[in-house]
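Single-structure report; data block below.
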Amino acid sequence: MNAAPVLVGYTAAIGFAAPYLLLRSRWPHRAPALAAAVWHALAVSFAIGAALAAYNLAMPTEHLHAGLVGLLHSCGLHVDTGRPDPDTAHQLAVALPVAIGAALLASFAFHVVRARRARGRHRQAVDLVGRRSARLRATVLPYDTPAAYCLPGRRPRIVVSDAAVRQLTREQLGAVLEHERAHIAGRHHLALAAAEAFHSVFPRLPLARHAREQTALLLEMIADDRALRSHSHDALATAMYEMVASRAPKGAFAAGGHGALIRVQRILGPRRAPHPALWGSVAAAAVVVPLLPLLVACPPGLG
């Protein structure tokens, strides 16, 4: 049996239908870390499914080959009924999934290196212009608009404007700085680079587009939740409101950044954790989904 039709249907469902189902769900904003894992699991599953589908399409079964030859004969075309060269077919079948995997890895490396270079250039400028605050564990820049962002990586920096230091209360400033520390500790720049890489390889795929957008938003929510462990909801929400007009440099995470309005509504609204049964089932699905294409291509018990 050739698994190509099933794999094609599966990747189509994952790439086109699954993201809209996930977007219509209410639980992702209540469990942003789990939701981010699900988006990445769907991307991995799609990539594996596309690679295996390409392999199976390049290596048709005996029945499929005979059917194609019969169809050509019925159309008046006479072709060699011998089987295709197995070596050539095998090389082509292996080359297609390898090309998909290589494109994804190369794209990920490109986004990581490009963002690191941009952060490195900005870090040098920050160290020259700003002053280091041991109390805040951050670099303070002379800037007349409240702003705060972090530069993650090997030599992380948390940057805050002197306007933010002056205008925000101690509680608000502490919440903002904790938000930025969460980005650095969680290595969120790598998760974002993975989503960017997937979108670069599959730019027109709904899953790739929504995974990139939702990953950026969910990472901010994860950092918000980290800040809310030690600071009040009002303090973080008002600080975000004060910094909503600020912008972060490329490769940085800003406390008032992506989806600020949605995040403020989430912080100030009623908070209800997902039911343990829902959390467990979604977590199990995030683990199993990337393996499904392998089970389709190599069903157990079939030789």
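The values are calculated or read from the model by the stated rules, or taken from the named source; none is laboratory data. Keep in mind it's a predicted model, so treat the numbers as computed, not measured. Here Cβ is always computed from backbone atoms with ideal geometry, including for glycine, and neighbour counts include all displayed protein chains.
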Next on the checklist: Checking GLN265 against (1) surrounded by 15 or more Cβ atoms within 10 Å (Cβ to Cβ); (2) polar (S, T, N, Q); (3) at pLDDT below 95: exactly one of these is not met. Which one?
Outcome noted: (1)
Checklist entry - Yes or no: GLY153 on the phi > 0 side of the Ramachandran plot, surrounded by fewer than 21 Cβ atoms within 10 Å (Cβ to Cβ), small (Gly, Ala, Ser) and not in a strand (DSSP E or B)? => result yes
Checklist entry - Is it the case that LEU192 is part of a helix (DSSP H, G or I), at pLDDT 95 or above and touching a strand residue (DSSP E or B) at 6+ places or on another chain (Cβ under 8 Å)? => result no
Checklist outcome for this item: Taking the stretch 180-231 and keeping residues closer than 30 Å to LEU136 by Cα and in contact with a Lys or Arg (Cβ under 7 Å, 6 or more places away or on another chain) leaves ALA182, GLU220, MET221, ASP224
Next on the checklist: Kindly evaluate ALA254 against the criterion of being touching a residue at least 24 places away in the same chain (Cβ under 8 Å), among the aliphatic types (A, V, I, L, M), touching a Ser or Thr at 6+ places or on another chain (Cβ under 7 Å) and closer than 27 Å to ARG26 by Cβ.
Outcome noted: yes
Checklist entry - Only one of THR145, THR81 is more than 30 Å from PRO293 (Cβ to Cβ), loosely packed, with under 12 Cβ neighbours inside 10 Å and either modelled with pLDDT of 95 or more or hydroxyl-bearing (Ser, Thr, Tyr) (or both); which? => result THR81
Item to check | Residues within the stretch 93-107 that are modelled with pLDDT under 90 and buried (at least 16 other Cβ atoms within 10 Å of the Cβ), tallied | outcome: 3
Checklist entry - Taking VAL287 and the conditions (1) free of Cβ contacts under 8 Å to residues at least 40 places away in the same chain; (2) surrounded by fewer than 19 Cβ atoms within 10 Å (Cβ to Cβ); (3) of a type in the set (Val, Ile, Thr), which numbered condition does it fall short on, given that it satisfies the others? => result (1)
Next on the checklist: For LEU236, only one of the following conditions fails: (1) within 29 Å of LEU57 (Cα to Cα); (2) in contact with a Leu (Cβ under 7 Å, 6 or more places away or on another chain); (3) not basic (Lys, Arg). What is its number?
Outcome noted: (1)
Next on the checklist: For the stretch 247-259, give me the residue count where each residue is part of a loop (DSSP other than H, G, I, E, B) and either charged (D, E, K, R) or over 15 Å from PRO146 (Cβ atoms) (or both).
Outcome noted: 7
Checklist entry - Scanning for something surrounded by 20 or more Cβ atoms within 10 Å (Cβ to Cβ), polar (S, T, N, Q), closer than 30 Å to ARG154 by Cβ and modelled with pLDDT under 95, does the stretch 205-223 turn up at least one residue? => result no
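Conditions tested, residue by residue: (1) closer than 30 Å to GLY49 by Cβ; (2) part of a helix (DSSP H, G or I); (3) among the β-branched types (Val, Ile, Thr).
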position: HIS231; (1), (2), (3): no, no, no
position: MET240; (1), (2), (3): no, yes, no
position: LEU261; (1), (2), (3): no, yes, no
position: TRP279; (1), (2), (3): yes, yes, no
Next on the checklist: I'd like the full set of residues that are surrounded by 17 or more Cβ atoms within 10 Å (Cβ to Cβ) and either in a strand (DSSP E or B) or in contact with a helix residue (DSSP H, G or I) (Cβ under 6 Å, 6 or more places away or on another chain) (or both), limited to the stretch 157-175.
Outcome noted: ARG157, ILE158, VAL159, VAL160, SER161, LEU168, GLN172, ALA175
Checklist entry - Would the stretch 14-29 turn up any residue that is under 17 Å from ALA208 (Cα atoms), outside any helix (DSSP H, G or I) and at pLDDT 50 or above? => result yes
Checklist entry - Residue check: is ARG135 surrounded by fewer than 13 Cβ atoms within 10 Å (Cβ to Cβ), of a type outside the set (Gly, Ala, Ser), at pLDDT 85 or above and part of a loop (DSSP other than H, G, I, E, B)? => result yes
